[in-house]
Amino acid sequence: MDGKTLARIGAVVFVAVAIVATAIEMNRKPDGPDNAPTIARPSSMRNPLDAELARCSSIGEAGGRDPSCLKAWGEARRRFLGQTAPATASPPAASAAPTTLFPSAPTSADPATPALQSEPATSPVSPEPGVR
């Protein structure tokens, strides 16, 4: 036998074995699923916060105006950030006096302190007109 013919026979046998191995592998049943099966819990076992967040998500843009959605989102944010105490802020009372930004500054309504007069802002003038 010629060496060239022997090489061709070897190549044909190699390709045939590769095709048979591929066909066997494609027809084999998988051993197990790649992903673990997702088990849906009944709504009675779900966390009430999760159920409220799902409801708020489903109502869309109206969730931003819904007080229960705002409360649920705040609670979810608190849990996510790991804060121990819930952040509760009481709304300001309508009859409460407004807070001032600078409480130590004199106000115009206070008769004991004279009104502040502001001086006009001046820019430095150079002695030479061409130099700035």
Q. Within the stretch 11-26, is even one residue modelled with pLDDT of 65 or more, in a loop (DSSP other than H, G, I, E, B) and over 30 Å from R55 (Cβ atoms)?
A. no
(Q) Taking the condition of being under 20 Å from the mean Cα position of the chain (by Cα) and assigned to a helix (DSSP H, G or I), how many residues in the stretch 44-67 meet it? (A) 15
Q.
Residues that are within 27 Å of F80 (Cβ to Cβ), modelled with pLDDT under 90 and exposed (fewer than 10 other Cβ atoms within 10 Å of the Cβ): does the stretch 50-58 have at least one?
A. no
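The values are calculated or read from the model by the stated rules, or taken from the named source; none is laboratory data. Quantities reported herein were computed from a predicted structural model and do not represent experimental measurements. Don't worry about glycine lacking a Cβ; one is built from the backbone with ideal geometry, like all the others, and counts go over all protein chains shown.
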